[in-house]
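Right, one structure below, let's go through it.
The values are calculated or read from the model by the stated rules, or taken from the named source; none is laboratory data. These numbers come from a predicted model, not from an experiment. Note: ideal-geometry Cβ built from the backbone for every residue, glycine included; neighbour counts use all protein chains shown. All accessible areas refer to the heavy atoms of the entire protein, side chains included, with ligands and DNA or RNA removed. Shrake-Rupley method; radii C 1.70, N 1.55, O 1.52, S 1.80 Å.
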Amino acid sequence: MINLIDDDDIARALRSDVLTGLTASPKWLPPKWFYDARGSELFEEITRLPEYYPTRTERAVLAEAAPAIARITEAKTLVELGSGSSEKTRLLLDAMLGRGTLGSFVPLDVSSSFLAESVAQLQADYPGLTVTGVAGDFARHLGHLPDGDNRVIAFLGGTIGNLAPAERAAFLASVRQTLHPGEWLLLGADLVKDPAVLVPAYDDAAGVTAAFNRNVLEVVNRELGADFDPAAFAHVALWNPDREWIEMRLRAGAAQRVRIPALDLTVEFAAGEEMRTEISAKFRRAGLEEELGAAGFELSHWWTDPREWFGVMLAQAR
């Protein structure tokens, strides 16, 4: 394991984000703080829900495309950003190992404990593969990834949609700067579709996404000594047609005052006030191709499912 973030680094980043977000108008918290050990477990549960189509749709696309991806890239190193359990990535590992070119896998994730478990399982399942886990933040630590020859950086799950347009541009530019000309970015992106399909994926009947959303308050309580009552906030998921993204919010059920001792901060919430915790942008192929081109990539191949709900694209660094 390579640790690019330690407890002090995480604590400083959390304090900065919470102070900035809760003193803004409107209030917000960044989605990366969902993912402590409990949050990571909840998200894995979300991916198995009947309403949550992205994971199974992307998996089906990857299952079909993986042999072609292995053949086109001849990858020697696969890097996955925001790897989680790397469940879908096994399709790529199997295809690339079958091709005979892959020697190493580098999963990067912000949750070091979850990552360590995943790495141990991968090492057991792929004894001939060098697996090097990197505990880090893909927004800050791409430059510290192991260098290599003929790498593919995979950014799957539609996580690109959690970034606002300016953040996406900066992220894609950072990926391009990390790669050598001729290396590859494999990107999974959720596509624009009927809101009747989109909204339930972020507001499931079992309430798992609601628990995941409220978990950010549990993290702030535990790490910063805050006294949020998560049950006093309702989970909200809305489709924004102008920006073509889902917004997840937490809505205060009544006027309340929250104390955050680690920041010497008291935050007032009005009854009905909403705090944004996540965006999940949905894409169109032309727009993605334009964004990739602006960052220095050329779209090489595009795969999607029969309903065109989810796209997987392979882009080469120019």
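Keeping all protein chains in place, calculate the accessible area per residue for segment 3-160 (probe 1.4 angstrom), answer in Å².
So segment 3-160 comes to 41 Å² accessible per residue, rounded to a whole number.
Could you work out the local net charge near Asp137, counting Lys and Arg as +1, Asp and Glu as -1, over the other residues with Cβ closer than 13 Å to its Cβ?
-2
Shown for the chain: lysine pairs separated by 8 or more places, or found on different chains, whose C-alpha atoms are under 21 Å apart, numbering 5. Give the carbon-plus-sulfur fraction of the accessible surface of segment 184-292 in %, rounded to a whole number; probe 1.4 Å, heavy atoms of protein chains only. Looking at segment 184-292 in its full context, I get 47 percent from C and S. This model, with +1 at the C-beta of Lys and Arg and -1 at the C-beta of Asp and Glu, gives the chain a dipole about its Cα centre of some 400 debye. Per atom type, segment 17-123 shows carbon and sulfur on 53% of its accessible surface, probed at 1.4 Å. The mean sequence separation of alpha-carbon pairs under 8 Å and at least six residues apart, normalised by the residue count of segment 105-238, gives a relative contact order of 18 percent. The phi torsions of segment 248-260, fed into the Karplus equation with coefficients 6.51, -1.76 and 1.60 and a -60° offset, translate into couplings of 9, 9, 10, 10, 5, x, 7, 4, 8, 10, 10, 9, 10 Hz, rounded to whole numbers, with Gly and Pro shown as x. So what does log10 I(q)/I(0) come out to for segment 140-299 at q = 0.09, 0.11, 0.18, 0.20 Å⁻¹, using the Debye formula with one equal point on every Cα and no solvent? So the normalised log intensities work out to -0.41, -0.60, -1.09, -1.19. Computed on the Cα trace of segment 40-128, the radius of gyration divided by the Kirkwood hydrodynamic radius gives Rg/Rh = 0.97.
When the convex hull of its Cα atoms is viewed from all sides, segment 3-63 shows a mean projected area of 6.5 nm². When the charge dipole of the chain is built from unit charges on Cβ atoms (+1 for Lys and Arg, -1 for Asp and Glu) and taken about the Cα centre, the candidate among Val216, Thr47, Ile72 whose Cα reaches farthest toward its positive end is Ile72.
Under a 5 Å amide H cut-off, with hydrogens placed 1.01 Å from N, Asp204 pairs with Thr209, Ala210 among residues at least 5 apart or on other chains. Close amide-amide hydrogen proximity is noted between Ser300 and Leu314, Ala315, Gln316, each under 5 Å apart and 5 or more residues distant or on a separate chain (H modeled in the peptide plane; Pro and chain starts excluded).
Think of it as helices only: each DSSP H run of n ≥ 4 in the chain is worth -39500 (n - 2.57), and spread over all residues that comes to -12000 deg cm²/dmol at 222 nm. On a per residue basis, segment 172-318 carries 43 Å² of accessible surface, using protein heavy atoms and a 1.4 Å probe. Placing +1 on the Cβ of every Lys and Arg and -1 on the Cβ of every Asp and Glu, with no other charges, gives segment 1-155 a dipole of roughly 360 debye about its Cα centre. Counting Lys +1, Arg +1, Asp -1, Glu -1, what net charge surrounds Glu244 among other residues with beta carbon under 14 Å of its beta carbon? Around Glu244, the surrounding residues sum to +1. Within segment 139-196, the ratio Rg/Rh, alpha carbon atoms throughout and Rh by Kirkwood, equals 1.03.
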